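A short worksheet on the structure shown next.
The values are calculated or read from the model by the stated rules, or taken from the named source; none is laboratory data. Since the model is a prediction, treat every value here as computed from it, not as a measurement. For neighbour counting, all protein chains shown are included, and Cβ atoms are generated from backbone atoms with ideal geometry for every residue, glycine included. The protein model used for the area step is the full one, side chains on, heavy atoms only, and it has no ligands, DNA or RNA in it. Shrake-Rupley method; radii C 1.70, N 1.55, O 1.52, S 1.80 Å.
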Amino acid sequence: SSMEYLHYIETSGMQYNKAIEAGAKMYFLLNTCFYPEMIIRDKKFEALFMKLFSEFRREALEEGSYDRGKPFISFIVTCNRHSRDYQPNNVQSTEHDQLVELLFNQESGVREGVGDLSSKDLKAVDSFVDDISTAFMDFGAQYDIFIYAIRYLLMPGMPIRVRIRVLDKLKDLLHLLTTESEHSDLSHNNLTEELGNFFLGGFSPIDKSDRDSSGYLDKLASLLEDESFTLLGRQKGFFYCYAVGCLARSLASSSVKCECGVKAMKRRVKNMAACIYVDLVACSLEIAGKACKNSKDLADIVVDVCFRESTTSTYPSPDDFEEVIKNIKNLSKQCSASISH
C-alpha cells in the first residue's frame, strides 16, 4: 500500500513531491530491494517498483540535462544522511561539501580522502553498494528490479568510486545484468533504448562530450579480458555492449586528438580476445565514420555491431592497432568533410 501511495503522489502533481530531488527518491526506492523475497517476487510489487523507477530515472535525467551529477549528488548525500539518522549529529555543511568533492572528483575511484574526510566517512555509501550487490548475488539476479537497481549505480553521472565498487563486487555475474525481455527481444530495441542512457555521449570531436576517466576504462577492459566474455551466449548482453561501447568511444575519440589516450587503449586491448577486439574496432570505425552525435547514436552502433551474425574485420589482433588508428582518422576526416559540405 505504501508503494501505491508513492505512485499516487508521483502522478497526482502534489507540490510536496516537486520539492524532493530525484536522486533522493531513487535512493529510498532502491532500498525496497531489501524487502523480504516474498514481497519482491510479488508481481504487483514489481509493477509498482518499475513504474516508480522509470519516473524517478526520467526526472533524474531531466535534472542532469545541464548538470549530469546533480541527481546523483542528491542520491549519495541522502544515502549518507540516512545512515546518520540514528546518530546525534547529522552531516554538517563542510563535511557535506567534502563528501561531494571526494565522490565526484574524476579520480575518486582511487583517492582515499579530501581534507579531513577519510574513507571511513564514506562507509554509508560503500555499505549500501555492498549490501545491494550482495543481495543481487544471493537471490536478486532473478528479478528485474535488482537488475535495474544495479544498472542505476552504473549510470555515467554516478561517482566513479561507486561504479568501480559495483563492478568489483559483481565481476563474476556481470553477464546477468540483462533482463529476460531483452534476451528474448530479437530486434534488440529494448536493449538499445536502455543502453542510450549509459554513455557520456557520442564521438567527442563531434558532440564535445566528456571523456570517461582512464581508471574506469582500465576497469572495463580488465573485466572484458575475463574468459567468460569470450563464450558466446554470455557475452552478448547489457554489460558486454556497455563495456565495448565505452571503450570503442574512447578509441575513436582518442585516435583523432589524444595521443596519450591512444597509448592507453593500445595497452587495454593487448590481452583482449580476438572476438571482443573485433567488435571494439568495428564499433570505433563506425563511431568515427558515422559522426556519432550522441549516446543514443552510440547505442545503435554498438548493438548493431555486437549482434551481427558474422562480424568481418581485417584487424583480427592488436598487432594491427596502428592501422586501426589510421583508418579511424581517415574516416573522421571524410565524415567532417561531408558534414562541412
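Magnitude of the charge dipole for region 181-289, about its Cα centre and with charges confined to Cβ atoms of Lys, Arg (+1) and Asp, Glu (-1), is about 540 debye.
The alpha-carbon of LYS44 sits under 24 angstrom from the alpha-carbons of these lysines, leaving out residues fewer than 8 places away in its chain: LYS25.
Each residue of region 141-146 was assigned a 3J(HN,Hα) from its phi angle through the Karplus expression (A = 6.51, B = -1.76, C = 1.60, θ = phi - 60°), giving 4, 7, 10, 4, 4, 6 Hz with x at Gly and Pro.
Taking a threshold of 21 Å on the Cα-Cα distance, which of the pairs LYS51/LYS293; LYS208/LYS293; LYS219/LYS293; LYS208/LYS290 fall above it? Don't jump to the answer; show the numbers that get you there.
On the way: LYS51/LYS293 30 Å; LYS208/LYS293 9 Å; LYS219/LYS293 25 Å; LYS208/LYS290 15 Å.
Beyond 21 Å: LYS51/LYS293; LYS219/LYS293.
Top to bottom by accessible area (1.4 Å), largest first, where do HIS183, HIS7 land? Can you show the working numbers first?
Working: HIS183 95, HIS7 50 Å².
Result, largest first: HIS183, HIS7.
Restricting attention to region 156-236, which trypsin sites (Lys or Arg not before Pro) occupy a DSSP loop and are surrounded by at most 12 other Cβ atoms within 10 Å?
Filter output for region 156-236: LYS208.
Extension gain for GLU37 to ARG308 (0.36 nm times residue separation, less C-alpha to C-alpha distance): 93.8 nm.
Pairs LYS70/LYS326; LYS236/LYS329; LYS296/LYS333; LYS171/LYS329; LYS263/LYS296; LYS236/LYS326: which exceed 30 Å Cα-Cα?
On the way: LYS70/LYS326 38 Å; LYS236/LYS329 28 Å; LYS296/LYS333 22 Å; LYS171/LYS329 34 Å; LYS263/LYS296 27 Å; LYS236/LYS326 28 Å.
Table pairs above 30 Å Cα-Cα are LYS70/LYS326; LYS171/LYS329.
Computed over protein heavy atoms with a 1.4 angstrom probe, the accessible surface ordering of MET50, MET26, largest first, is MET50, MET26. Sort out for me the Cα centre separation of region 150-223 from region 20-34, rounded to whole Å. For region 150-223 versus region 20-34, the Cα centre distance is 20 Å.
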